[in-house]
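These notes are about the structure you will find just below.
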Amino acid sequence: MKIQFDEKHLLAGVAGEANGVTRSEYEESRPNALEALASFREKSEKGLYGFPHLPFQKEMIDAINQYADSVHFEYDTVCVVGIGGSALGAWALDCGIRGPHPVQGAFTPEHPRLVILDNIDPSFTAAALASMDAHKTLVVAIAKSGATAETVATFLIVRDWLERALGDEAARRIVAVTTLGKYEEVPHKGEYKSPLCELADTQGYKTFGVPENVGGRFSVLSPVGLLPAALIGIDIGELTRGAAEMTHRSWQPDLEENVALRAALWQWLIWIRKEKTIQVAFPYSNQLWGTAFWFRQLWAESLGKKRNRAGAMVNVGQTPVAALGTTDQHSQVQLYIEGPNDKVFTFWKVEEFGSPDTIPARTFGLEAVDYLVDQTLTKLIDAEQRATAAALSMNGRPHCTVTLDRLDEEHLGAFLQMMEFQTAFMGELLDIDAFNQPGVEQGKNFTYGLMGRPGFELYKEEIEELEKKWAAAGQGTLGSGAGNGVGAAERT
Ligand code: PA5
């Protein structure tokens, strides 16, 4: 397994003094990286954070494979109901291994497809249901909290659709992935930790657990990502083998070996010292497009934080953007090359595509056409990436490259684990908690309040009060600055 990180276009010698980092700045910052490694390792060993341990959980991997084998051939569609960290990992794996959606092979019980119901757009949900055959669908409801309104609402619709077609058999076609068990301490002693788990127990659904020390966006290698992957025929043994290898590398103090830590250090320097507040994740591979969206959430939700660990207001964050090469060369690159110099670009390259790609050897006597004849798409996509990289460097735009030898389960598992480690190390370098998401929780609580969930009435009152204030401000009946929401934001 080979994954490389190339930082040379982040260097001041290439991107210029104002936009690049010097070798000596990097050398001087090594101790910061080693401190980040030691501090994260200590927390991980104490069991605070669980993602580094996932690839080694043989029992979990075996249990998923056993279940997948037991239901194989019973369905041609796996319908995942989940959102955010409970959906994006499955998408990254499906897209990475089975291929991007519009060009996936025909779906059959031998090669089932994945349908992900994350958004609650009614037209999307209705169209998805219309496209599936209830007799050939296996439903996987995924929510760590077991309460996210979007997931619960969609699940109730899908469950009803399934039950109307299958009657009592429906329960056997539903699996729940959520926090298992009940609270042992007062005040909640004896209550289920997850409403989805309670529903599963009362309705007789099969369940898989999400470890409590693994947050949504770090859960792709738990049953959250591995179960849907195994159900659509992805080799999760190879996936976790690659991730395990990357985990070993990610604990090494040698920065040449530890690609996640080295990448984190370079990204930190370029972001903080050169104020590149936007990171463009730029895969030159359609199969990595799902991973780019998975990464967007990982980077945004983990590193976008109001306060540091000491509680000081920092409002830190780097906005992740997903761009696809070569497609976005014809959409975004003009902005990237000539617009504000506030971005760092991370190319994701695949060395070997492993697909037939020779341009047929027929000439037409046209110079602008014939030069391509007998060359390959692999050579062309590589030339396009090099051309974009050169144009960026010539204009003082820093960029770096992660190269995967090829895109198979082993490499994808390693790459996802590398990104998770890089994010965790970045959290340490920034001295923030990369594993919480108070902003997301705030939005969820307001939604619960607005939709009438018992216990959340005060959120409804607060939002309605604020909306009244904002409406008044909009009509000019309040002085400037009134109702600007700062008070509400400050309380969280
Ligand atoms: O990363 C996270 O913690 C979030 O994005 C969650 O995954 C998302 O909010 C969904 O939560 P849940 O799995 O509880 O439905």
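The values are calculated or read from the model by the stated rules, or taken from the named source; none is laboratory data. The structure displayed is predicted, hence computed values, not measured ones. Using ideal geometry, Cβ is built from the backbone for each residue, glycine included, and neighbour counts are taken over all protein chains shown. Surface accessibility is based on the protein's heavy atoms, side chains included, excluding ligands, DNA and RNA. Shrake-Rupley method; radii C 1.70, N 1.55, O 1.52, S 1.80 Å.
Taking one quarter of the surface of the convex hull spanned by the alpha-carbon atoms of region 166-280 gives a direction-averaged projected area of 12.2 nm². The stretch between L48 and L156 holds 35.5 nm of extra length on full extension. This uses 0.36 nm per residue minus the Cα-Cα distance. Just the protein heavy atoms count here, and of the accessible area of region 137-196 at 1.4 Å, carbon and sulfur take up 53 percent.
For region 194-329, what's the relative contact order in percent, using C-alpha pairs closer than 8 Å and at least 6 residues apart?
18
Rg of the Cα atoms in region 326-400, relative to 2.2 N^0.38 Å, amounts to 1.34.
With a Förster radius of 45 Å applied to the C-beta separation of D121 and D357, the computed FRET efficiency comes to 0.80. In this simple spin-label approximation, E25 and L458 carry label points 7 Å from Cα along the Cα→Cβ vector, and these lie 4.6 nm apart. Estimated at the nearest 10 Å², the accessible area of S285 is 10 Å² with a 1.4 Å probe. Based on every Cα atom in region 57-140, Rg and the maximum pairwise Cα distance Dmax equal 13.4, 41 Å.
Extending 7 Å from the Cα toward the beta-carbon at both E367 and Q475 defines two label points whose distance is 7.0 nm. What fraction of the Cα pairs in the chain, stated in percent, has a spacing above 34 angstrom? That tail contains 42 percent of the Cα-Cα pairs. All other residues whose Cβ lies under 11 angstrom from that of I174 are scored, Lys and Arg at +1 and Asp and Glu at -1, for a net of +2. Estimated from the Cβ-Cβ distance and a Förster radius of 22 angstrom, the FRET efficiency linking K8 and D254 is about 0.70.
A straight line joining the Cα centroids of region 336-370 and region 13-44 runs 32 Å.
Going 7 Å from the Cα of A165 toward and past its Cβ, which residues in region 90-115 have a backbone nitrogen under 18 Å from where you end up? What the label zone holds, given the 18 Å backbone N cut-off, is 107-115. Among the chymotrypsin sites (Phe, Trp or Tyr not before Pro) in region 15-76, those located in a DSSP loop and surrounded by at most 14 other Cβ atoms within 10 Å of their own Cβ are F73.
Membrane-span-like helices of the chain, defined as complete DSSP H segments with a Cα extent of 30 Å or more along the helix axis and a mean Kyte hydropathy of at least 0.0, are identified as 409-430.
Using 0.36 nm per residue and subtracting the Cα-Cα separation, the extra length available between D133 and F56 on full extension is 24.1 nm. Using a cut-off of under 17 Å, list every residue of region 327-358 whose amide N is near the label point 7 Å from the Cα of T376 along the Cα-to-beta-carbon line. Residues 349-358 qualify, since their backbone N sits under 17 Å from the label point.
Computed over protein heavy atoms with a 1.4 Å probe, the accessible surface of region 1-87 works out to 47 Å² per residue.
Looking at the chain alone, DSSP beta bridges between its own residues are antiparallel in about 20 percent of cases. Computed on region 17-106, the Cα convex hull volume stands at 205 Å³ per residue.
Here region 54-101 and region 382-427 have alpha carbon centers that stand 25 Å from each other. Net charge within 13 Å of A414 by Cβ-Cβ distance, Lys/Arg positive one each and Asp/Glu negative one each, not counting A414 itself? So the surrounding residues net to -3.
The value of relative contact order for region 180-244, using C-alpha pairs under 8 Å at least six residues apart, is 18 percent.
Taking all Cα-Cα distances within region 145-224, those exceeding 14 Å account for 66%. With N set to the residue count of region 273-407, report its C-alpha Rg divided by 2.2 N^0.38 Å to two decimal places. Taking the Cα Rg and dividing by 2.2 N^0.38 Å, one obtains 1.29. Taking 25 Å as the limit for the C-alpha separation, the pairs K305/K444; K189/K306; K276/K469; K343/K444; K274/K306 exceed it in the case of K189/K306; K276/K469; K343/K444. The distance linking region 130-166 with region 194-251 is 19 Å (Cα centroid to Cα centroid, whole angstrom).
Protein heavy-atom surface of region 256-306, 1.4 angstrom probe: 44% of the accessible area is carbon and sulfur, with nucleic acids and ligands not counted. Using the Cβ of G225 as centre and a radius below 13 Å, the other residues enclosed give a net charge of -1, where K and R count +1 and D and E count -1.
Ligands, DNA and RNA left out, the 1.4 Å accessible surface of region 1-46 is 49% carbon and sulfur atoms. K58 sits with roughly 130 Å² accessible to a 1.4 Å probe, with DNA, RNA and ligands left out of the calculation. Contact order for the chain, expressed relative to its length and based on alpha carbon pairs under 8 Å spaced 6+ residues apart, stands at 21 percent. Solvent-accessible surface of region 363-410, averaged per residue with a 1.4 angstrom probe and all protein chains in place: 54 square angstrom. Could you list log10 I(q)/I(0) for region 102-180 at q = 0.12 Å⁻¹, which the Debye formula gives when each Cα is one point scatterer? Debye output, listed in q order: -0.36.
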